Amino acid sequence: MSAIPVPVPTEGGAAGGDGTLGQVPSTFQQVLLLSRYQFRDYLRSRRFILMMAIVAATGAILTAVVAYFRPSSLLDNANDFYGGLWAGGATFLILFAGIIFGGDAIAGEFQNKTGYFLMGLPVRRATVYAGKYLAVLLASLVSILVYLAIIMGNGTYYLGVGAFSDLGPLAASIALAILYLLALMGFVFLFSSMFKTSVYAVLVVAVLFLFGFSIVQTVVLDLAHIEPWFMLSYANGVIGYPLSGVPAHIQHVRNPFTRVTATAYNPTYLEGIGVMLGYWIGTTFAGLFFFEREEFT
Amino acid sequence: MTPSLEAVGLTKRFGSFTALDHLNLKVEGAKCVGFLGPNGAGKTTTLKMFTDLIFPTEGQAFINGVCVQTDRKQALSTCGDLIESPEIYPALTPREAFEMSGALRGMRPEEIRARTAIVLDEVKMTEWANQKVGRFSKGMKQRVNIAAALLSDPDVVILDEPSTGLDPRGMAEVRSIVRGLKNENRLIFMSSHILSEVVDVCDEVALLDRGKLLFADRLAKVADRLGGGVRGIEAEFTSPIDDAVVAEKVQPLPGVVSWSRESPTRLTLQVKGGLPEQSRLLSQLAGLGLGLVSFRESRSALEEVYLREISVGDA
């Protein structure tokens, strides 16, 4: 042992050279491995039970409402049925799934000290980030698919084989919902990477999505009188378009009581998809940027 | 390959506070090195930089010659570590957690199974292999963490106060485990502030205080650092001894500088010299016929050096 100054090593360090280093799996394999065990952890966790309870409650309420009122506007064809039940519920559930599974995905590694176990392994931080991202995506997708199964079960009951006559619009709506999930998860991971305390991360994301964005959207619309195209909560409006049709981009609505005409905006496909893609890519990499620099102090 | 750990000018500052100040230290070979220092000395900060949990302000850390800061994946591939009592995902069992960490390290499934059985047996957690970690006590989790650090049979093991949170029996078992590891071709770098633990298991020590390395040496040579210094020796007798008897018979013995009374039957003698002088004194004390039943250093050589070096730092 020496406590004297030692030679300054070359950039990148010397080679390991014991023959075992090459056995460490590739980054991609490690991402899949990590996500598998993280997903298993989610499936056994209380949060998954909570999420399933929310899905079941949402599905049960919609089932009961349709069964009681039997609205003819929904029961005419599959697109109307799915348009009425799928899009709104999915948006709501994606938000909950993102918060419940993703809110503390990164912050929890610091607060719960699970990161000390993971980061002691020969894995890159980006691997941990991607593995957890994939696991949250899978857990959220399971929740959304259960909800979809409930909706399609209802569709089968009311429409029979007609429920499966043209699933293209529903598939397109599901694809848009997944894009929204990815964008939301990017946003959630960004905040989760910025905090070392799970509660803060979950609270900030929940408050932002449940109240903050709605308030900002209203302010932008009513006070600034501009289209809030840059809001994720606005862009997600396109999820229902394949089923319900694309509404007019700008609508003038006259309030019969106040006789004031207000301008309402609906995102175009291009806006919606573009903004969701932008949020997904931008916030995901921003979150990784923070996680790469966060220290386990 | 000879296992090694090396810090080159390793420095960590948190704002204006310097937690570690240009640490230059190289340890290599199959041995156990105790990384000593009082709370806040910078021990954990150093180990965290060796495992890339925090980033150096200056300098680099190397494991087996590979820079942790530039290639953490390769550097940590031959290293097992236990830093600050980590938590395993609570819904996973130890067996599943080891499957994950073993697979991430590139171990084959049959290798993981075999090693899991060995390391869980070593920490006496075999019967808990299939229970969720979330139900474990702190001590049980720490045992599983130690097992996890050893899973891949690494060349280098970094342990940050491994007996933290364990009951006395658990602490003794951890020491036994670490002693067992020394028999293999492995470098163990273990931080601790429990001197008896370090004396018990380590071959070498490095003493850190306020972010600075005070010394690093073989444990066997630590006593030499005391030079011709005076050591405290506790002597216990079967029956009370009068002060007059002590002054007449004990005080004049060669090497005895002074004495003080701890109890009617126990004295602390300040003795000059090393082990040969102590051996001679023991024979002479026993020969006085005072009923000597115990003769031991009031503090170990390491404790003496530790306290002296730390107090020099305080001054």
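The values are calculated or read from the model by the stated rules, or taken from the named source; none is laboratory data. Keep in mind that what you see is a predicted model, and the values were worked out from it rather than measured. So basically every Cβ, Gly included, is an ideal-geometry build from the backbone, and we count neighbours across all protein chains shown.
Select from segment B:251-275 the residues that are in a loop (DSSP other than H, G, I, E, B) and either free of Cβ contacts under 8 Å to residues at least 24 places away in the same chain or more than 15 Å from B:Glu297 (Cα to Cα) (or both) and list them in ascending order. Break it down into steps so the answer makes sense when it comes.
As a first pass, look at segment B:251-275 and keep what is in a loop (DSSP other than H, G, I, E, B): B:251-255, B:264-265, B:273-274.
Selection gives B:Gln251, B:Pro252, B:Leu253, B:Pro254, B:Pro264, B:Thr265.
Could you check, for segment A:169-181, whether at least one of its residues is surrounded by 15 or more Cβ atoms within 10 Å (Cβ to Cβ), in contact (Cβ under 8 Å) with a residue 12 or more places away in the chain and not in a helix (DSSP H, G or I)?
no
Among the charged types (D, E, K, R) and not in a helix (DSSP H, G or I), is that true of B:Glu248? Can you show your working first?
Values: among the charged types (D, E, K, R): yes; not in a helix (DSSP H, G or I): no.
Against the criterion (among the charged types (D, E, K, R) and not in a helix (DSSP H, G or I)), B:Glu248 does not qualify.
Conditions: (1) within 30 Å of A:Leu43 (Cα to Cα); (2) at pLDDT 95 or above; (3) part of a loop (DSSP other than H, G, I, E, B). B:Ala117 meets all but one. Number of the miss?
Only one criterion is unmet by B:Ala117, namely (3).
So which residues in segment B:89-111 are assigned to a helix (DSSP H, G or I) and more than 7 Å from chain A (Cβ to nearest Cβ)? So that I can check it myself, show each step before the final result.
Filtering segment B:89-111 for residues assigned to a helix (DSSP H, G or I) gives B:94-105, B:109-111.
Answer for segment B:89-111, where residues must be assigned to a helix (DSSP H, G or I) and more than 7 Å from chain A (Cβ to nearest Cβ): B:Pro94, B:Arg95, B:Ala97, B:Phe98, B:Glu99, B:Gly102, B:Pro109, B:Glu110, B:Glu111.
If I filter segment B:149-160 for residues that are part of a helix (DSSP H, G or I) and under 22 Å from B:Gly40 (Cα atoms), do I get at least one hit?
Initially, segment B:149-160 is screened for residues part of a helix (DSSP H, G or I), giving B:149-150.
From what is left, the residues that are under 22 Å from B:Gly40 (Cα atoms) are none.
Looking for residues that are part of a helix (DSSP H, G or I) and under 22 Å from B:Gly40 (Cα atoms), one finds none in segment B:149-160, hence no.
Answer with yes or no whether B:Asn64 is within 12 Å of chain A (Cβ to nearest Cβ) and at negative phi. Before you say what the answer is, go through the steps one by one.
Numbers: within 12 Å of chain A (Cβ to nearest Cβ): yes; at negative phi: no.
The answer is no for B:Asn64.
Just give me the residues in segment A:110-128 being facing chain B (nearest Cβ under 7 Å), in contact (Cβ under 8 Å) with a residue 24 or more places away in the chain and β-branched (Val, Ile, Thr), in sequence order. Show your work before the answer.
Step one: filter segment A:110-128 for residues facing chain B (nearest Cβ under 7 Å), giving A:112-114, A:116-117, A:119-124.
Retained after the next criterion (residues that are in contact (Cβ under 8 Å) with a residue 24 or more places away in the chain): A:112, A:116, A:119, A:122-124.
Passing the criteria: only A:Val123.
Could you please let me know if B:Gln278 is of a type in the set (S, T, N, Q) and part of a strand (DSSP E or B)? Please lay out each step first, then the result.
Values: of a type in the set (S, T, N, Q): yes; part of a strand (DSSP E or B): no.
For B:Gln278, the condition - of a type in the set (S, T, N, Q) and part of a strand (DSSP E or B) - is not met.
When the residues of segment A:18-53 are filtered to those that are aliphatic (A, V, I, L, M) and free of Cβ contacts under 8 Å to residues at least 60 places away in the same chain, which remaining residue is surrounded by the most Cβ atoms within 10 Å (Cβ to Cβ)?
Restricting attention to segment A:18-53, the residues satisfying the condition of being aliphatic (A, V, I, L, M) are A:21, A:24, A:31-34, A:43, A:49-53.
With free of Cβ contacts under 8 Å to residues at least 60 places away in the same chain added as a condition, the list becomes A:21, A:49-50, A:53.
Working: A:Leu21: 19, A:Ile49: 11, A:Leu50: 12, A:Ala53: 10.
The extreme case among them is A:Leu21.
Would you please name the residue that is farthest from the chain's Cα centre (by Cα), looking only at residues in segment B:79-88 that are within 7 Å of chain A (Cβ to nearest Cβ) and at pLDDT 90 or above?
Per the stated criteria, the residue is B:Ile88.
When B:Leu5 is evaluated against the numbered criteria (1) part of a loop (DSSP other than H, G, I, E, B); (2) within 19 Å of B:Glu204 (Cβ to Cβ), which criterion, by number, is the only one it fails?
(1)
Select from segment A:251-297 the residues that are surrounded by 13 or more Cβ atoms within 10 Å (Cβ to Cβ) and among the polar types (S, T, N, Q) and list them in ascending order.
Hits for segment A:251-297 are A:Thr263, A:Asn266, A:Thr268, A:Thr283, A:Thr284, A:Thr297.
crowded, with 21+ Cβ neighbours inside 10 Å, over 22 Å from B:Glu6 (Cα atoms), assigned by TED's automatic domain parsing to the domain that holds B:Arg186 and free of Cβ contacts under 8 Å to residues at least 12 places away in the same chain: does that describe B:Met100? Talk me through it step by step, then tell me what you get.
Details: crowded, with 21+ Cβ neighbours inside 10 Å: yes; over 22 Å from B:Glu6 (Cα atoms): yes; assigned by TED's automatic domain parsing to the domain that holds B:Arg186: yes; free of Cβ contacts under 8 Å to residues at least 12 places away in the same chain: yes.
Taking the combined requirement at face value, the residue satisfies it.
Just give me the residues in segment B:18-35 being under 16 Å from the mean Cα position of the chain (by Cα) and either part of a loop (DSSP other than H, G, I, E, B) or at pLDDT below 90 (or both), in sequence order.
B:Ala30
Can you confirm whether A:Phe101 is within 14 Å of another protein chain (Cβ to nearest Cβ), touching a residue at least 24 places away in the same chain (Cβ under 8 Å) and surrounded by 13 or more Cβ atoms within 10 Å (Cβ to Cβ)?
Numbers: within 14 Å of another protein chain (Cβ to nearest Cβ): yes; touching a residue at least 24 places away in the same chain (Cβ under 8 Å): yes; surrounded by 13 or more Cβ atoms within 10 Å (Cβ to Cβ): yes.
Yes: the conditions hold for A:Phe101.
So B:Ala117 ticks every box in (1) surrounded by fewer than 21 Cβ atoms within 10 Å (Cβ to Cβ); (2) facing chain A (nearest Cβ under 7 Å); (3) more than 15 Å from B:Leu5 (Cβ to Cβ) but one. Which box is left unticked?
It is condition (2) that B:Ala117 fails.
Exactly one of these conditions fails for A:Tyr37: (1) closer than 30 Å to B:Pro154 by Cβ; (2) away from chain B (no Cβ under 12 Å). Give me its number.
Evaluating A:Tyr37 over (1) closer than 30 Å to B:Pro154 by Cβ; (2) away from chain B (no Cβ under 12 Å) leaves (2) as the failure.
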